[in-house]
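Report on the structure given below.
The values are calculated or read from the model by the stated rules, or taken from the named source; none is laboratory data. Given the structure is predicted, the values throughout are model-derived calculations rather than measurements. Here the Cβ is made from the backbone with ideal geometry for all residues, glycine too, and neighbour counts use every protein chain on show.
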């Protein structure tokens, strides 16, 4: 599902690389926790996986595609197969919750006849069906995160990338978010979850843990 070989990422304004010679194989159906302190390179790692940045060295394959060989036109096609959950939600604030999820499905190529049913099902799964018509920026932080998860999961992606999905949430909402990701994993999705919270690691039985420290990767 995901293969990195000798991947490094350098930014001109930084003396040390954000990632330094990282190699990793994540097979289909695995739940991987990517741990490490703030600034360790977790967000950079995830950005490379969905084509938001290019590696300075090394190769990355996601779902069989070599990201280094994809043209700019092919990157959106890759992203349609992924579910990406950002720490800052990235919802369209003036659109309703329903419209935010529907927009992601339209981009993924879901036909109109299936779209309403899929949006409604996704919102039921995250407990937001009663807020479908609410404007996104009127939601609480926990509700916005659940809306972002509904958007990411609505098209049933094979690979879910989650960047600190519980980082802005209280413990109760953090637990609800983890339940949703565990349920998606149980349905067959591969999940890569970046977190600095060690309390999350015991919530997924049999999960794999890899640690980033100053751009270097270590298996736990």
Please go through the range 28-43 and pick out each residue that is buried (at least 19 other Cβ atoms within 10 Å of the Cβ), outside any strand (DSSP E or B) and over 12 Å from the mean Cα position of the chain (by Cα). 36, 40, 41
Consider residue 194 carefully, then state whether it is closer than 21 Å to residue 94 by Cβ and either touching a helix residue (DSSP H, G or I) at 6+ places or on another chain (Cβ under 8 Å) or not in a strand (DSSP E or B) (or both). no
Just one listed residue, out of 165, 171, is at pLDDT below 90 and under 25 Å from residue 3 (Cα atoms), and it is 165
Can you tell me which of (1) surrounded by 13 or more Cβ atoms within 10 Å (Cβ to Cβ); (2) modelled with pLDDT under 95; (3) in a helix (DSSP H, G or I) is the one residue 98 doesn't meet? (2)
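I'd like to verify a number: residues in the range 101-120 that are part of a helix (DSSP H, G or I) and exposed (fewer than 15 other Cβ atoms within 10 Å of the Cβ), how many?
Residues in the range 101-120 being part of a helix (DSSP H, G or I) and exposed (fewer than 15 other Cβ atoms within 10 Å of the Cβ): 7 in total.
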Close pairs from the range 197-216: first in the same structural domain as residue 173 (by TED's automatic domain parsing) and without any contact (Cβ under 8 Å) to a residue 40 or more places away in the chain, partner surrounded by fewer than 12 Cβ atoms within 10 Å (Cβ to Cβ) and part of a strand (DSSP E or B), Cβ under 7 Å, at least 6 apart: none
